[in-house]
Amino acid sequence: MLAYLGYLSLVLALGATFYAALMAGVSIWEARGPRAARRAAGIDPATLESARRAAFLALPLLTLAALSLIAMLVTEQYQVAYVADVTSSSMPIYLRVTALWGGQAGSLLFWAWLMSAFTGTVMLRKWEADRELMPVVIVVTMITLGFFIGLTVFFENPFVLLWQTRAGEVVQAMFQPAGTLALVPADGRGLNPLLRHPGMIIHPPMLYLGFVGFVIPYAFAMAALFYRRVDTQWIKTTRRWTLTGWLFLSLGLILGGRWAYDVLGWGGYWGWDPVENASLIPWLTATAFLHSVMIQEKRGMLKKWNMVLIILTYALVIFGTFLTRSGVLSSVHAFAQSAIGPAFFTFIGVTFVASMVLLFREWDHLSSETQFEGLLSRESAFLLNNLLFVAITASVFWGTVFPMISEIFTGQKITVGPPFYNQVTGPQFAALVLLMGVAPLLAWRKSSAQQLGRQILIPFVASLVLVAVLFAFGITNPGALFGFWISAFVAGTTLLEFYRGTAARMRTTGENALVALSTLMARNRRRYGGYTIHLGVILITIGVVGTTFYQEETQGRLRLGEQLTLGRYVMVYTGLDEFEVDDGRIVARASVEVYRDGQMLGELYPRRDYYIESQQPMTIPGVRSAVEDDFYVLLVEWESVGADAATFKIYVNPLVNWIWAGGLVFIVGTLVAAWPESEPRRRVVLANAPARA
């Protein structure tokens, strides 16, 4: 039976991780004795090789477990409690597959499988440059992986079966309890309607990939501390692992915002929900880490910062997973209450304390090789960048955990709302974006104010002209003008860097502008990929400023033929249909005509879907999108179809589509920065040149 096969695979995978961690620990001990000579000679100790193979074995075992669960989801085996909870016969095949991460137990299995894929890839890579670090890397990754597998084995088993007592009581157990019979429901409850959106097919996997990706650089960092390797080798080894994790986490955040905009029916894309924050917080520290490691590679500085940041990122990744699955905070994104909360809390505490013990042991050895030579330098700008990221992290973290703290000390759970986050983090984000435009213009070691002034003069003047034009056209809100000025200034400084590099290459090579630009980016991927990411952030900033300061909304009850006006838009209610569809929904769909400045733009069909199996509704907006804004309408309530009245809520969201466009540019820039460079070929040519000469 597939349920028993999947459970057996889980248990064996847990055993493999335990064995791998144990053998890696033994190899660390052996390295202190006579076998150290073998290791120095380049021969893997037998125990370490055994640990490596066991660590890799977790991947096929967890793959078998995941495939077993997917097979049961697809074939509607409702005798499995998880299958009955998250699927139904009316769901299409693709939704049954994605139901793997649609519930608590399945999502933990999926997390563990992704983690095993990352660690398995590490086990297959060449070890020559990092042979000494690998035992600790295996210990750290296997402890993390084993923890998540243990959660599925002991707390949230996705293969548990349904049984029924003679009294009719339903029991969940892996093996048949005495006095019970197997229970096979006729149908399942179906997936939560909020999770049936296409965005949820890829949003959770992106977040999980981002989360597990940061376990690898953390493991190498702990190995570097353990072996007192305070050079930059561990950073170079994990650079693309870090970028990969950061890319997926960024994708997850962007897709999550789009999902919220399309499904939650409140006209926004980010509500500072605790689970949204749980994904944002590690992204903030990881972004600071990505910037900070450049200083260590270039100047041998900020070694302590880098260790602190990667430890924080790892701890916050586990903490974010804890918030989502423990049920300690209420959220539309979170799973139900669960007994795994204490286990998560204990694991976070133990790993964080162990990390800090290692860090403080080597604190004196992590001193910078060089010192700051001037406040006006790229090193100082990167340090300020780090401080801002950490400050935003602390602000969001405090607002997220405050309900738990208030409940402990007052007995009441006091929730911190969006006004707190906007007021506290808004100025910090503005300073961060402004610094993003200035930092690349500063030289290493020391810059002069005159040199910086010459570089920023053109974009500064151009941004002021743009603000004056916006003011003349009626944009008078000080916050909005300041946001648009920052965006214009940083976009100008960034584009000027592209122009200067391209123009210099055109002068020296005679290439046309397009060839010069593409070659420039190909040969300096990290630099110009970073600039492209900055341009994506600017587009997102413009969208955030537009929606924050100029979103409009209204609500009204309309009869057929009546209209509702909002700004330049007029909406006319033309009809309502109610019908049942084959996938188990009862749909109430309204028809409205949308006009702007008296010209008809088209028809929209806002609707309310009611899922019969789960007895849950979902509001789907009607949206008319353009470069300048979105017209967004919700069907709030209605009378019977025979009646002619319905209530609508409408929003005008200026520049919201700049956020999604900025997200695409952001991802392209990350791919450019992370794309492998052809360094090996250049090294071969240089090595052979003297021989040919």
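When you go through Glu628, Glu552 one by one, which is the residue that is free of Cβ contacts under 8 Å to residues at least 40 places away in the same chain, over 21 Å from Val263 (Cβ atoms), open to solvent by 50 Å² or more (accessible area, probe 1.4 Å) and under 32 Å from the mean Cα position of the chain (by Cα)?
Details: Glu552 fails: free of Cβ contacts under 8 Å to residues at least 40 places away in the same chain.
Among Glu628, Glu552, only Glu628 is free of Cβ contacts under 8 Å to residues at least 40 places away in the same chain, over 21 Å from Val263 (Cβ atoms), open to solvent by 50 Å² or more (accessible area, probe 1.4 Å) and under 32 Å from the mean Cα position of the chain (by Cα).
Condition test on Arg378, is it in contact (Cβ under 8 Å) with a residue 40 or more places away in the chain, touching a Leu at 6+ places or on another chain (Cβ under 6 Å), open to solvent by 40 Å² or more (accessible area, probe 1.4 Å) and not aromatic (Phe, Trp, Tyr)? Show your work before the answer.
Details: in contact (Cβ under 8 Å) with a residue 40 or more places away in the chain: yes; touching a Leu at 6+ places or on another chain (Cβ under 6 Å): yes; open to solvent by 40 Å² or more (accessible area, probe 1.4 Å): yes; not aromatic (Phe, Trp, Tyr): yes.
It is true that Arg378 is in contact (Cβ under 8 Å) with a residue 40 or more places away in the chain, touching a Leu at 6+ places or on another chain (Cβ under 6 Å), open to solvent by 40 Å² or more (accessible area, probe 1.4 Å) and not aromatic (Phe, Trp, Tyr).
Condition first: of a type outside the set (Lys, Arg), open to solvent by 40 Å² or more (accessible area, probe 1.4 Å), in a loop (DSSP other than H, G, I, E, B) and within 30 Å of Thr554 (Cβ to Cβ). Can you find one or more residues in segment 256-267 that meet it? Steps first, answer last, please.
Within segment 256-267, the first condition is being of a type outside the set (Lys, Arg), and the residues that meet it are 256-257, 259-267.
Add one more test, that the residue is open to solvent by 40 Å² or more (accessible area, probe 1.4 Å), and what stays is 264, 266.
Pick out the ones that are also in a loop (DSSP other than H, G, I, E, B) and you get 264, 266.
Add one more test, that the residue is within 30 Å of Thr554 (Cβ to Cβ), and what stays is 264, 266.
Looking for residues that are of a type outside the set (Lys, Arg), open to solvent by 40 Å² or more (accessible area, probe 1.4 Å), in a loop (DSSP other than H, G, I, E, B) and within 30 Å of Thr554 (Cβ to Cβ), one finds at least one in segment 256-267, hence yes.
Could you list, in sequence order, the residues of segment 86-107 that are surrounded by fewer than 21 Cβ atoms within 10 Å (Cβ to Cβ) and in a helix (DSSP H, G or I)? First the steps, then the outcome.
As a first pass, look at segment 86-107 and keep what is surrounded by fewer than 21 Cβ atoms within 10 Å (Cβ to Cβ): 89-90, 92-94, 97.
Scanning segment 86-107 gives Ile93, Tyr94, Val97.
Among the residues in segment 111-121, are any out of contact with any Lys or Arg (no Cβ under 6 Å at 6 or more places or on another chain), more than 23 Å from Ala21 (Cα to Cα) and open to solvent by less than 40 Å² (accessible area, probe 1.4 Å)?
Step one: list which residues in segment 111-121 are out of contact with any Lys or Arg (no Cβ under 6 Å at 6 or more places or on another chain), which gives 111-121.
So of that shortlist, the ones also more than 23 Å from Ala21 (Cα to Cα) come out as none.
Checked segment 111-121: no residue is out of contact with any Lys or Arg (no Cβ under 6 Å at 6 or more places or on another chain), more than 23 Å from Ala21 (Cα to Cα) and open to solvent by less than 40 Å² (accessible area, probe 1.4 Å).
Please go through segment 514-533 and pick out each residue that is open to solvent by 30 Å² or more (accessible area, probe 1.4 Å), closer than 26 Å to Ile486 by Cβ and assigned to a helix (DSSP H, G or I).
Correct list: Leu517, Met521, Arg526, Arg527.
Which is within 24 Å of Thr425 (Cβ to Cβ), assigned to a helix (DSSP H, G or I) and β-branched (Val, Ile, Thr), of Val490, Val465? Please lay out each step first, then the result.
On the way: Val465 fails: within 24 Å of Thr425 (Cβ to Cβ).
From the options Val490, Val465, the qualifying one is Val490.
Please work out if Ala449 is of a type in the set (A, V, I, L, M, F, W, C), open to solvent by less than 70 Å² (accessible area, probe 1.4 Å) and in the same structural domain as His291 (by TED's automatic domain parsing).
Values: of a type in the set (A, V, I, L, M, F, W, C): yes; open to solvent by less than 70 Å² (accessible area, probe 1.4 Å): yes; in the same structural domain as His291 (by TED's automatic domain parsing): no.
No.
Here is a list of conditions, (1) open to solvent by 10 Å² or more (accessible area, probe 1.4 Å); (2) under 16 Å from the mean Cα position of the chain (by Cα), and Asp187 meets all of them except one; can you say which number that is?
Tallying (1) open to solvent by 10 Å² or more (accessible area, probe 1.4 Å); (2) under 16 Å from the mean Cα position of the chain (by Cα), Asp187 fails exactly one: (2).
Being open to solvent by 80 Å² or more (accessible area, probe 1.4 Å) and over 30 Å from Tyr94 (Cα atoms) is the filter here, so list the residues in segment 566-601 that pass it. Before you say what the answer is, go through the steps one by one.
Taking segment 566-601 first, the residues open to solvent by 80 Å² or more (accessible area, probe 1.4 Å) are 568, 578, 580, 582, 589, 597, 599-600.
Arg568, Asp597, Gln599, Met600, listed by residue number.
Within segment 219-245, track down each residue that is open to solvent by less than 10 Å² (accessible area, probe 1.4 Å) and closer than 29 Å to Val275 by Cβ.
Going through segment 219-245, the residues open to solvent by less than 10 Å² (accessible area, probe 1.4 Å) turn out to be 219-225, 234-235, 238, 242, 245.
Within segment 219-245, Ala219, Phe220, Ala221, Met222, Thr238, Thr242, Gly245 meet the criteria.
Does Met134 count as at pLDDT 90 or above, surrounded by 23 or more Cβ atoms within 10 Å (Cβ to Cβ) and farther than 29 Å from Tyr4 by Cβ? Talk me through it step by step, then tell me what you get.
Working: at pLDDT 90 or above: yes; surrounded by 23 or more Cβ atoms within 10 Å (Cβ to Cβ): yes; farther than 29 Å from Tyr4 by Cβ: yes.
Yes; evaluated as a whole, the condition is true for this residue.
Gly483 passes all but one of (1) open to solvent by less than 40 Å² (accessible area, probe 1.4 Å); (2) at positive phi; which number fails?
The one condition Gly483 does not meet is (2).
Pro193: over 19 Å from the mean Cα position of the chain (by Cα) and under 29 Å from Tyr610 (Cα atoms), yes or no? Talk me through it step by step, then tell me what you get.
Numbers: over 19 Å from the mean Cα position of the chain (by Cα): yes; under 29 Å from Tyr610 (Cα atoms): yes.
Judged against the criteria, Pro193 is a match.
Determine the pairs where a residue that is touching a residue at least 24 places away in the same chain (Cβ under 8 Å) and assigned to a helix (DSSP H, G or I), located within segment 191-202, has a partner that is open to solvent by 40 Å² or more (accessible area, probe 1.4 Å) and of a type in the set (Val, Ile, Thr) with Cβ atoms under 7 Å apart, the partner being 6 or more residues away or on another chain.
Leu194/Val332
The values are calculated or read from the model by the stated rules, or taken from the named source; none is laboratory data. Bear in mind the structure is a predicted one, so any value in this text is a computation, not a measurement. For neighbour counting, all protein chains shown are included, and Cβ atoms are generated from backbone atoms with ideal geometry for every residue, glycine included. Keep in mind that these areas ignore ligands, DNA and RNA; they rest on the heavy atoms of the full protein, side chains included. Shrake-Rupley method; radii C 1.70, N 1.55, O 1.52, S 1.80 Å.
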